[in-house]
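Chemist: Provided herewith is a single structure, encoded as structure tokens, for subsequent inquiry.
Values quoted throughout were computed directly from the atomic coordinates according to the rules given, and no laboratory measurement underlies them. Remember, predicted model here, so these are calculated numbers, not experimental data. With ideal geometry, Cβ positions are generated from the backbone for all residues, glycine too; neighbour counts draw on all protein chains shown.
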Amino acid sequence: MVSSAAYGEVWDSYWRDLPAGQGEALWDGDPESSVPYSLVSAHLDPGLPLIDVGCGNGTHTGALADRFPLVLGVDISDAALDHARAAVAEDRVRFRRMDVLDPADAASVHRLTGDSNVYARGLLHLFTPLERAAAVTAFAMLNGTTGRLLSYEPAPAAGQLLAELVARPDGPPPKVARILRYGVQPADLREHETEDLLLDAGYHIVAAGSHLWRSTESTAADAPVDIPMRYVVARRTA
């Protein structure tokens, strides 16, 4: 398992060098067009706090502020959190460093917020299988007995799309190239792997399906790049 320090250094380097402002990162598009927000309204309890795990520069954290009594963005990168605090001024939004692979860290956040909804976008696919299981354990701690999880991860077809972008004759587009340059290696999740991880951790699947996420990258013909995604909504079993 990669150490927390190594993850923190990789992401601190990425976010420290990234220009401020929305849209500089591949995944930092318009929240309303890039996330199935209907699932938030339909399946997540609006009376509970929401924890945005791997919040990055806080674009989605801030966009969720009017839907929950408190939204907490957590990330392992202090540099990302600096971006987020500078960009988001909503009263109901807070930011905090958290290592999703450290159960003690997740338990500490749960003591702060109580049972919470969890929104995890594009996180599990970056980890090894053992690390994915550890991250799901952290989600369960944050959910407690009453919170629900919305996991939103690249589908298997996203790996093929990424390979095509990397193999372009003129080289990868700039935002993809930046990710690879900092040593971030997106990994493919198997079909239904997220559901299997959650079932093994004692979750019940409430809803699941496919969705196209509009990234901030463009094709060689200047068309937007839409990433095939898989969403899963789950709750803890009694």
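Chemist: For the chain, what is the mean residue ellipticity at 222 nm derived from helices alone (per DSSP H run of n ≥ 4: -39500 (n - 2.57); sum divided by total residues; nearest 500 deg cm²/dmol)? The partial results should precede the final answer.
Modeler: Values: 10 runs with 93 residues, N = 238.
Calculated at 222 nm, the ellipticity per residue is -11000 deg cm²/dmol.
Chemist: Might you report the magnitude of the Cβ-based charge dipole of the chain about its Cα centre, with Lys and Arg at +1 and Asp and Glu at -1, to the nearest 20 debye?
Modeler: So the magnitude is around 360 debye.
Chemist: Select from 94, 168, 190 the residue whose mean-square fluctuation is largest in a Gaussian network model of the chain (Cα-Cα springs shorter than 10 Å).
Modeler: Among 94, 168, 190, the largest GNM mean-square fluctuation belongs to 168.
Chemist: Can I ask one more? Report the gain in length on full extension from residue 37 to residue 131: 0.36 nm times residue separation, minus Cα-Cα distance, nm rounded to one decimal.
Modeler: 31.1 nm
Chemist: Quick query: amide H of residue 207 versus all other amide H atoms, modeled in the peptide plane; which residues come in under 5 Å with a sequence gap of 5 or more or a different chain?
Modeler: For residue 207, the qualifying residues are 233.
Chemist: If you don't mind, there's one more thing I want to ask. Could you work out the relative contact order of the chain, using alpha carbon pairs under 8 angstrom and six or more residues apart, expressed as a whole percent?
Modeler: 21 percent
Chemist: Per residue of the stretch 99-106, in order, report the coupling 6.51 cos²θ - 1.76 cosθ + 1.60 (Karplus, θ = phi - 60°) as ³J(HN,Hα) in whole Hz, putting x for Gly and Pro.
Modeler: Residue by residue, the stretch 99-106 yields 9, 5, 8, 10, x, 5, 5, 5 Hz.
Chemist: Out of residues 5 or more away from residue 51 or on other chains, whose amide H comes under 5 Å of its own, with H placed 1.01 Å from N in the peptide plane?
Modeler: Close amide H contacts, sequence-distant or interchain: 72, 117, 118, 119.
Chemist: Where the only charges are on Cβ atoms (+1 Lys, Arg; -1 Asp, Glu), what is the dipole of the stretch 69-192 about its Cα centre, to the nearest 20 debye? The partial results should precede the final answer.
Modeler: Details: 14 positive and 15 negative charges, 33 e Å.
Charge dipole of the stretch 69-192: 160 debye, to the nearest 20.
Chemist: Shifting gears a bit: Give the angle, between 0 and 90 degrees and rounded to the nearest 10, that separates the Cα long axis of helix 156-166 from the longest principal axis of the Cα atoms of the chain.
Modeler: 30 degrees
Chemist: For the chain, compute Rh as the Kirkwood radius over C-alpha pairs and then the Stokes-Einstein diffusion coefficient at 20 °C and 1.002 mPa s; write the answer in µm²/s, rounded to an integer. Present the calculation step by step, with values, prior to reporting the outcome.
Modeler: Values: Rh = 17.9 Å.
For the chosen part, D equals 120 µm²/s.
Chemist: Let me ask something additional. At R0 = 45 Å, how high is the FRET efficiency between residue 90 and residue 163 if r is their beta carbon distance? Nearest 0.05 is fine.
Modeler: Numbers: r = 38 Å, r/R0 = 0.85.
Between residue 90 and residue 163 the formula returns 0.75.
Chemist: What distance in nm separates the two pseudo spin-label positions at residue 205 and residue 6, each 7 Å out from Cα along the beta-carbon direction?
Modeler: 3.1 nm
Chemist: How large is ³J(HN,Hα) for each residue in the stretch 118-135, as worked out from phi by the Karplus curve 6.51 cos²θ - 1.76 cosθ + 1.60 (θ = phi - 60°), to whole Hz, x for Gly and Pro?
Modeler: 10, 10, 10, 10, x, 10, 4, 5, 7, 9, 6, x, 5, 5, 4, 4, 5, 5
Chemist: Of the listed peptides 97-106, 84-93, what is their order by residue-averaged count of other C-beta atoms within 10 Å, with the highest listed first? Let's see the in-between values first.
Modeler: Details: 97-106: 18.7, 84-93: 15.5.
Peptide ranking by packing, descending: 97-106, 84-93.
Chemist: To continue, here is another question. Please give the net charge around residue 8, taking every other residue with its beta carbon less than 10 angstrom from that of residue 8, where Lys and Arg add +1 and Asp and Glu add -1.
Modeler: Working: positive: 97; negative: 9, 12, 75, 78, 99.
Local charge sum for residue 8: -4.
Chemist: Going by Cα centres, the stretch 171-210 and the stretch 140-160 are how many Å apart?
Modeler: 9 Å
Chemist: How large is ³J(HN,Hα) for each residue in the stretch 87-93, as worked out from phi by the Karplus curve 6.51 cos²θ - 1.76 cosθ + 1.60 (θ = phi - 60°), to whole Hz, x for Gly and Pro?
Modeler: 9, 10, 10, 5, 5, 8, 10
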